[in-house]
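Colleague: I am attaching a structure below and will ask some questions about it afterwards.
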Amino acid sequence: MALRSGTGGSERRGKPGVPASRAPSERMAKASAKPEAKKPDAEKPKKEPASPVPPEQRWKRLSMGLAAGCVLLIAASSYLAFGGAAAASAKGEGTGPDAKSGGGAPGAGPSASGGNKDGGKVERGNILNGYPGLQITGCVNPQFLCDGNSDQFDGGNNYTYHDMNDPNSAMILTFPKPVELSKVRFRLWDQDDRFYHYVLSASPDGKAWKVVKDNTKIDSKSWQEITFGPQKVLVLKLRGMPAASAGANYLHVVEFEGYSSAAMAQRRIPPKDVSVSQGQLKPGLWGEFYDDLGSYPAAEDMPTLALPITRLDFGTLTQPLATWPLQGRVAAIISGFVKIEQEGTYKFFVTADDAANLYIDGIPVVKQGYPWGEADLKPGLHRIWVEYYNANGPMALNIHYRAQGDSEGSIPPELLFYDPREARHP
């Protein structure tokens with residue numbers, strides 16, 4: 001199965017000043033599909049007036065003069081337009097955001113083939129993606145900050161930012177109650193020449209603050225990893241600090257992650273091994289249901305009810321789930337195997353209320369908050385693992401797939417299997 005990931009990062013000191021940046025424009029999040037590159041709007045250079053017709057050509061006959069004048073005018077205009085744009089780009093004006101928008105894009109996006117390849121891997125133990133009750137305030141596009149998407153971003157999508165020149169602006173993450181953290185990782189925008197200065201602070205109660213990392217004198221970009229030992233944290237605050245050498249007025253963050261040593265041991269890890277024969281399996285998938293659990297199940301959680309299930313389309317947002325054995329505040333893990341009959345790229349679609357993650361062979365394909373993802377699969381059995389929770393209100397979970405060239409539809413029950421030796425019981 002082919003997926004995309006990578007790592008990257010850099011820090012530097014004392015870089016000469018680079019052109020001032022502008023902030024990105026706020027847009028809605030797209031699916032986890034690989035978007036085409038979207039370059040931000042650049043501040044258009046002023047055009048100089050077209051040059052007059054050269055005097056030496058005035059002797060031409062009147063019938064030819066008009067045509068020659070038009071040709072020269074078009075050529076002069078094209079030269080000024082493209083030459084002016086190139087000059088602006090050389091000065092740094094063409095790679096930055098739109099100055100008039102107030103929130104233009106931070107820089108060039110990913111390649112047209114889809115997806116920025118730097119730092120796509122999310123380390124195991126990150127508790128911020130899908131953390132129940134986590135509030136993110138003080139910034140623009142907070143929904144992108146901890147969405148688990150660290151590599152699919154461009155000049156207008158999937159990043160968060162705040163104005164470093166506003167003393168009241170920052171990226172503030174508030175937990176519903178104190179949690180133990182020992183490390184944070186975040187990816188600063190790294191698709192142009194801008195660098196960033198920042199201060200990361202933590203508070204156990206929202207009143208007393210401790211500076212975890214002071215990077216006010218270091219030009220930084222891409223992945224930042226900060227280890228500070230286990231401590232109770234109620235609020236995290238990431239504030240960008242303006243600096244002439246950095247060339248940025250807005251702090252742009254693609255993804256923010258938080259790690260707890262306890263969470264690394266507690267989180268259920270989707271299995272990857274597929275060394276099993278179909279003769280050892282039973283039809284359907286194995287469903288574990290957890291009553292009164294409004295978050296993804298952890299290793300120590302035991303299911304309230306467990307039984308075989310034969311489908312993955314239980315209910316949509318317009319037709320809420322009403323056939324599950326448990327209702328209301330509930331969580332579930334549905335696991336087993338899906339049989340792929342033809343090699344190709346398969347697109348998986350997930351509708352969930354409140355949230356769900358879909359893994360194939362232990363690798364996340366559709367992350368919480370994204371409606372679809374895709375994977376390259378070969379014929380045979382592949383692990384399928386779905387984790388779901390509903391904190392309150394209506395429930396919905398619907399999973400479809402589509403092979404290359406086919407239409408979207410339910411996964412046929414005859415292609416679903418589970419291993420009774422792995423079935424977890426109450």
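Read-outs throughout are calculated quantities, based only on the coordinates presented, and are distinct from any laboratory measurement. Owing to the predicted nature of the structure, the values given are computational and were not obtained by experimental measurement. As a convention, Cβ positions derive from the backbone with ideal geometry for all residues, glycine included, and neighbour counts pool all protein chains shown.
Colleague: Using 7 Å Cα-to-Cβ label points, what is the Glu225/Asp406 separation (nm, one decimal)?
Modeller: 4.0
Colleague: Right, another one. Which of the trypsin sites (Lys or Arg not before Pro) across the stretch 123-218 are loop residues per DSSP, with 10 or fewer other Cβ within 10 Å?
Modeller: In loop regions of the stretch 123-218 (DSSP not H, G, I, E or B), the sparsely surrounded trypsin sites (Lys or Arg not before Pro) are Arg124, Lys207.
Colleague: Which of the three applies to the stretch 366-426, rounded, prolate or oblate, going by the alpha-carbon gyration tensor with a ≥ b ≥ c and a/c under 1.5 meaning rounded?
Modeller: oblate
Colleague: Continuing with the same structure: Would you calculate the separation in nanometres between label points at Gln143 and Asp193, each defined as 7 Å from the Cα along the Cα-to-beta-carbon direction?
Modeller: Those two pseudo-labels are separated by 3.5 nm.
Colleague: Search the structure for amide H atoms under 5 Å from the amide H of Val366, placed 1.01 Å from N in the peptide plane, and list their residues when 5 or more places away or on another chain.
Modeller: Leu358
Colleague: Report, by chain and number, residues whose modeled amide H sits under 5 Å from the one on Glu255, excluding near sequence neighbours (fewer than 5 apart, same chain).
Modeller: Under 5 Å from the amide H of Glu255: Arg187.
Colleague: Tell me, what HN-Hα J-couplings in whole Hz come from the Karplus equation 6.51 cos²θ - 1.76 cosθ + 1.60 at θ = phi - 60° for each residue of the stretch 214-230, using x for Gly and Pro?
Modeller: 10, 10, 6, 10, 10, 6, 10, 7, 6, 5, 10, 10, 10, 9, 9, x, x
Colleague: Once you've got the Cα coordinates, tell me which of Lys183/Lys272; Lys183/Lys232; Lys177/Lys221; Lys272/Lys339 are over 21 Å apart.
Modeller: Long pairs (Cα-Cα over 21 Å): Lys183/Lys272; Lys177/Lys221.
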